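The values are calculated or read from the model by the stated rules, or taken from the named source; none is laboratory data. Because the structure is predicted, anything quoted here is derived from the model rather than measured. Here the Cβ positions follow ideal geometry from the backbone for every residue, glycine too, while neighbour counts run over all protein chains shown. To get the accessible areas, we keep the full protein, side chains included, count just its heavy atoms, and leave off ligands, DNA and RNA. Shrake-Rupley method; radii C 1.70, N 1.55, O 1.52, S 1.80 Å.
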There are 2 protein chains.
Amino acid sequence: MIKCVKCEQVDSIMKAGYVRGKQRYLCKTCNYYFTQSEKDVSASSVMKRRRHQTTIIDIAKSLGVSNSTVSRALHGHADINPETRQAVLDKALQLDYQPNQLAYNLVKSKTNTIGMIVPEFHNPFFPNVIIGAHEVLTNAGYNLTIMQSNESYQVEISNTKAMLANRIDGLLISLTQETNNFDHLSVFEKRGIPLVLFNRVCEQINVPKVVVNDFEASFLAVEHLIMNGYERIAHLGGPLNLLVSQERLRGYRAAMEKHGKTIEDHMIIQGMLTQQKARIYGQYLLDLANRPDAIFAVNDSSAIEIMLMAKEKGISIPDELGVVGFSDNPESAYIGPGLTTVRQPTYEIGRTTADWILQLVDDEDVILPEKRVLKTELIVRGSSRRCGN
Amino acid sequence: MIKCVKCEQVDSIMKAGYVRGKQRYLCKTCNYYFTQSEKDVSASSVMKRRRHQTTIIDIAKSLGVSNSTVSRALHGHADINPETRQAVLDKALQLDYQPNQLAYNLVKSKTNTIGMIVPEFHNPFFPNVIIGAHEVLTNAGYNLTIMQSNESYQVEISNTKAMLANRIDGLLISLTQETNNFDHLSVFEKRGIPLVLFNRVCEQINVPKVVVNDFEASFLAVEHLIMNGYERIAHLGGPLNLLVSQERLRGYRAAMEKHGKTIEDHMIIQGMLTQQKARIYGQYLLDLANRPDAIFAVNDSSAIEIMLMAKEKGISIPDELGVVGFSDNPESAYIGPGLTTVRQPTYEIGRTTADWILQLVDDEDVILPEKRVLKTELIVRGSSRRCGN
DNA sequence: AACGTCTTCGCAAACGTTCCCGATAGTTTT
DNA sequence: AAAACTATCGGGAACGTTTGCGAAGACGTT
């Protein structure tokens, strides 16, 4: 009773094993393998019935028009009769049509999404940058997906890969302190995906960058300390492979040299300033035989840690110890006599990078790589004001 | 010389206008319209040559196998010869293949992305929640896209629409203070997209919620004030359409009543506490003829504003005025005598919501809606410590 | 020889859009 | 009346995957 599906023969059929639960046959005459399901498959086909979302095709069918017409109507394109358009729009509303962005993305090969990779979240700096960028991107109709490299080069690489796979339209990135190789970034250039670096930038790659005037800011901060009569100023700096750390160190040195202060190498400490590290370094500096009379720290949390330790040790601020931080965290305005610090325009950084990426995404024309330097502001508070000025 | 493309006739051809730059003809015999481009189209086809990214098809072609084989090899599926797989992997590396997540998303109808909508960014509360959720989601291999409703119901609706269009796998949302209608949320239920509410929740919709023990926290905070000898305690509350505001007000009232304190209605102010509003309300309260001897504010920024104003007016804290805030912002530890406040487990809130949405995304089985209540902690500082306890 | 098992791979249909072309018909100009 | 123009609409390829199902052998077992 089994007929070959090709030659319609019945005699020369022989069994040839099972495949996925179905009997398999071989026709000896035409030498053709074929299978025949024993059970009806209706049950399984019912099983995998998925939740259906109304598509353009549904609208087209129910209106008796073509997909293209519906698509045109939905997008207010030309070549469409106003009545037809209205009918489509009504039907879309009635069927609760929600466009499938995924299909759109695939065909257009763009996602209306900008990616952002930041090294960490724990200082308020990056969250604020995100807020600024988010505002600009949202207003321009773009989404923002954020990833966190956690200061790890390997994670940064996997982040960029994920960004590539997700076909973001542009990338905003602030580098890891471990990042010394930039191949994972040049991939974006090759792919024609715009890229903007901010804060943690590098010189080795030729893309737009947004930074602040770290050198100048440090210079002014240290000069401010000197003007207030501090002589032996220590520097608590960040890891030296970061450009920002180098620049801030340069500013410190320049100010010291300009005013003829001797720079004592053991008073310069560079490294990743976790809270624990800040305490250790602070301990070291404050217990020094010939202890510094001021400390310029590269972030506010370290500066505050120093202030707390000084308070514990009975060292008065600003009389016996001047302290200056960097970034103007919210708590810096309220602690002790107030922490003098360098305010970074965080929102502005976010807005600027976002503005820039939007330009690059929209314009196909290559815009020359440029470094945009935003201005910081020295906020003078009690922790460094010793001369009444 | 023009032949009809159907009947091959030459004589009965006549011109019939232009369409998009091409001459159009009509064959009179077979009554058939057709066009014939005058210029060669090679130029234009070269023009629109797009940047090509290597696809699975490229690998398949260069290896002489089929797409399916490549796909299976790339995903470590079964039914694949180890040698073939290795060849595919090598070729993929060689051609710098990056999978196209968009195509994957389309065919799988999922995006590996969780959406999050928050009303605002300016308090550190939501950024911290984001950090917690981000951590969990990243570890689980999910992306996070964040949108901001800006406390506007309309924006919230458009946000949810965008989330739907982008086919997120799950949504975390904290509602706007304007949100009284929840149709835009029930859409997610209908679509089978899991939803978790946090912080700004509502009772009208039956989904998992993550909140803190607002009532209890308020109760304890006010009781703490009473224990410290404060009698006439004012309450600076949030907008009353928010459940959190209602709960905190309830806690305030309960504590006052339990200890037999009279609740004076003009000492309860509810509203959106911007910095400006906080100043206005604070002014009002502190200038009252029979001024309160303590203020329980519903967030720290308002409490701090009160403290600053008290300082300006020469009202001593905590002797003449006790102040308690809510949320434990970073600056609260450092201001004046220290601000007593209710610490919210922000990271934990983020982690919990994220954990939950991941469960819902993975399990098709419906988990019963449940409200998870996280514990707050009363952080006692100088602004309310009057009895040495 | 007849039948069963196992491994490996290809075909082709989705997934839901967008958009290039051309088709059709009515109207206007030459 | 021929030619041109205008306004609408449909067909169908493309976007790059995944995956169900079957094909083609090789080999083992009665």
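State whether the residues of the range A:58-77 include one that is within 14 Å of chain B (Cβ to nearest Cβ) and within 11 Å of DNA strand C (Cβ to nearest atom). Within the range A:58-77 (the criterion being within 14 Å of chain B (Cβ to nearest Cβ) and within 11 Å of DNA strand C (Cβ to nearest atom)), the answer is yes, since at least one residue qualifies.
Out of all the residues in the range B:298-318, which are in a helix (DSSP H, G or I) and farther than 18 Å from B:THR341 by Cβ? Matches in the range B:298-318: B:GLU312, B:LYS313.
For (1) within 14 Å of chain B (Cβ to nearest Cβ); (2) open to solvent by less than 30 Å² (accessible area, probe 1.4 Å), each residue gets a yes or a no:
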position: A:THR274; (1), (2): no, no
position: A:GLY282; (1), (2): no, yes
position: A:SER302; (1), (2): no, yes
position: A:GLY325; (1), (2): yes, yes
position: A:GLY350; (1), (2): yes, yes
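Of the helices (runs of 4 or more DSSP H) entirely within the range A:171-260, those holding at least 1 residues that are of a type in the set (Asp, Glu) and buried (at least 17 other Cβ atoms within 10 Å of the Cβ) occupy A:214-227, A:243-258. Taking the criterion of being touching a residue at least 24 places away in the same chain (Cβ under 8 Å), open to solvent by 30 Å² or more (accessible area, probe 1.4 Å) and either assigned to a helix (DSSP H, G or I) or among the aliphatic types (A, V, I, L, M) (or both), the residues of the range B:128-156 that qualify are B:ASN128, B:GLU135, B:ALA140, B:TYR153. Of everything in the range A:319-367, what is on the phi > 0 side of the Ramachandran plot and assigned to a helix (DSSP H, G or I)? Give them in sequence order. Residues satisfying the conditions do not exist here. Among the residues here, A:ALA92 does not qualify as surrounded by fewer than 20 Cβ atoms within 10 Å (Cβ to Cβ) and either small (Gly, Ala, Ser) or within 8 Å of DNA strand D (Cβ to nearest atom) (or both). With respect to the conditions (1) of a type outside the set (Phe, Trp, Tyr); (2) open to solvent by less than 50 Å² (accessible area, probe 1.4 Å); (3) more than 11 Å from DNA strand C (Cβ to nearest atom); (4) within 14 Å of chain B (Cβ to nearest Cβ), A:ASN100 falls short on a single one, namely (3).
May I ask you to list the residues in the range B:327-348 that are of a type outside the set (Ser, Thr, Tyr) and surrounded by fewer than 21 Cβ atoms within 10 Å (Cβ to Cβ)? Listed by number, the residues that qualify are B:PRO330, B:GLU331, B:ALA333, B:GLY336, B:PRO337, B:GLY338, B:ARG343, B:PRO345, B:GLU348.
Whether a residue is within 14 Å of another protein chain (Cβ to nearest Cβ), outside any helix (DSSP H, G or I) and within 27 Å of B:LYS375 (Cα to Cα) was assessed, and B:ILE168 does not pass this test. Would you confirm whether or not the range A:86-93 contains a residue that is over 18 Å from the mean Cα position of the chain (by Cα), within 12 Å of chain B (Cβ to nearest Cβ) and over 25 Å from A:ASP355 (Cβ atoms)? No; the residues of the range A:86-93 include none that is over 18 Å from the mean Cα position of the chain (by Cα), within 12 Å of chain B (Cβ to nearest Cβ) and over 25 Å from A:ASP355 (Cβ atoms). If you filter the range A:63-84 down to residues that are open to solvent by 60 Å² or more (accessible area, probe 1.4 Å) and more than 8 Å from DNA strand D (Cβ to nearest atom), you find that the one that is modelled with the lowest pLDDT is A:HIS77.
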